[in-house]
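See below for the structure under consideration.
The values are calculated or read from the model by the stated rules, or taken from the named source; none is laboratory data. Because the structure is predicted, anything quoted here is derived from the model rather than measured. In this analysis, Cβ positions are derived from the backbone assuming ideal geometry, glycine residues included, and neighbour counts consider all displayed protein chains. Surface accessibility is based on the protein's heavy atoms, side chains included, excluding ligands, DNA and RNA. Shrake-Rupley method; radii C 1.70, N 1.55, O 1.52, S 1.80 Å.
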Amino acid sequence: MKTEIQEKNLSRSAEISRGENSNCILRVKNLFVSYGGINALRGVSVDVEQGQIVSLIGANGAGKSTLLRTISGLVKAQSGSIEFSGEEISGNAIDSICKKGIALVPEGRRVFTDLTVAENLKIGAYLRHDKEEIQKDTDWVYELFPRLKERSWQYAGTLSGGEQQMLAVGRALMSRPRLMMMDEPSLGLAPLIVQQIFGIIEEIKKRGVTILLIEQNANMALKIADNAYVLETGEITLQGSGAELLQNEKVREAYLGKAKGTGNS
């Protein structure tokens with residue numbers, strides 16, 4: 001069942017899809033994905049430019065996680081194209097996609113609870129063999145998340161939810177990704193920790209990592225987004241800059257809890 005947002009920004013879509021855009025690191029074109037006869041994604045097209053934060057918002061069951069899992073190689077598409085740095089990767093093996101520089105921070109964190117913080121970070125670098133650079137990246141992760149350094153010897157299962165989320169992000173960074181995909185990083189976290197996580201996302205962007213973000217907290221997701229998409233029942237229904245979608249009446253009513261005519265708060 002669709003929400004009230006049912007329009008497409010056709011002029012912007014046409015401009016992007018034309019695009020001989022040399023800055024586009026990820027291009028998803030007309031992607032269809034089905035689960036047991038259910039159409040999870042129906043003709044989805046998304047562009048992510050190098051160095052941007054691109055946010056994808058929508059209700060539960062809209063197909064957001066399916067999109068990330070398909071890009072990662074965890075789910076196979078029925079048709080459509082996924083290009084990373086101009087190379088088709090749809091149908092590639094998961095490890096091949098990781099080696100190309102794509103990392104996924106999954107929903108629910110999914111850290112290895114019986115391993116220490118330091119061991120979880122090492123697993124993030126399992127495809128790498130540059131020991132000196134791995135150590136530099138470990139130091140950077142500990143710089144981003146001082147709490148992880150303090151608890152490097154601790155089993156991941158004993159960490160708080162916020163600390164586990166930090167560890168999941170740090171583990172993904174250890175693969176030295178060019179594109180980091182994040183699935184609901186604020187889920188289940190206290191507001192103060194959510195603020196910290198979003199601050200870290202912006203810091204990661206400053207280091208040159210491109211980010212594709214799925215987030216139920218639409219307000220936060222749009223505030224930090226260079227570009228954003230609304231996904232409903234497997235279809236992109238709206239796109240624009242984060243600032244544009246924050247001011248869009250239909251987005252405000254459906255996702256920001258602000259009735260028509262209500263001012264900013």
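Tabulated data for the structure shown
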quantity	calculated
Filter result for residue 128 (in contact (Cβ under 8 Å) with a residue 40 or more places away in the chain, open to solvent by less than 60 Å² (accessible area, probe 1.4 Å), under 30 Å from residue 159 (Cα atoms) and assigned to a loop (DSSP other than H, G, I, E, B))	yes
Filtered residues of the stretch 101-139 (kept if within 26 Å of residue 67 (Cβ to Cβ) and in contact with a Phe, Trp or Tyr (Cβ under 8 Å, 6 or more places away or on another chain))	101, 102, 120, 123
Residue in the stretch 173-184 that is in a helix (DSSP H, G or I) and modelled with pLDDT of 90 or more present	yes
Subset of the stretch 210-219 that is open to solvent by less than 30 Å² (accessible area, probe 1.4 Å) and either out of contact with any strand residue (DSSP E or B) (no Cβ under 6 Å at 6 or more places or on another chain) or at pLDDT below 95 (or both) - its residue that is nearest to residue 84 (Cα to Cα)	214
Selection within the stretch 208-230 - over 25 Å from residue 248 (Cβ atoms) and touching a residue at least 60 places away in the same chain (Cβ under 8 Å)	208
Within the stretch 160-189, considering residues that are among the small types (Gly, Ala, Ser) and in contact with a helix residue (DSSP H, G or I) (Cβ under 7 Å, 6 or more places away or on another chain), the one most open to solvent (accessible area, probe 1.4 Å)	188
Which listed residue is among the basic types (Lys, Arg), more than 30 Å from residue 86 (Cα to Cα) and in a helix (DSSP H, G or I), from 136, 149	149
Qualifying residue in the stretch 147-155 (condition: crowded, with 18+ Cβ neighbours inside 10 Å, free of Cβ contacts under 8 Å to residues at least 40 places away in the same chain and of a type in the set (Gly, Ala, Ser))	no
Within the stretch 25-43, tally of residues that are touching a strand residue (DSSP E or B) at 6+ places or on another chain (Cβ under 8 Å) and open to solvent by 10 Å² or more (accessible area, probe 1.4 Å)	9
Residue satisfying condition, being modelled with pLDDT under 95, open to solvent by 40 Å² or more (accessible area, probe 1.4 Å) and within 18 Å of residue 240 (Cβ to Cβ), within set 104, 10	10
Qualifying positions in the stretch 105-140 - over 19 Å from residue 204 (Cα atoms) and hydroxyl-bearing (Ser, Thr, Tyr)	113, 116, 126
Filter result for the condition that a residue is open to solvent by 10 Å² or more (accessible area, probe 1.4 Å) and out of contact with any strand residue (DSSP E or B) (no Cβ under 8 Å at 6 or more places or on another chain), over 200, 224	200
Test: residue 55 is on the phi < 0 side of the Ramachandran plot, open to solvent by less than 40 Å² (accessible area, probe 1.4 Å), hydroxyl-bearing (Ser, Thr, Tyr) and at pLDDT 95 or above	yes
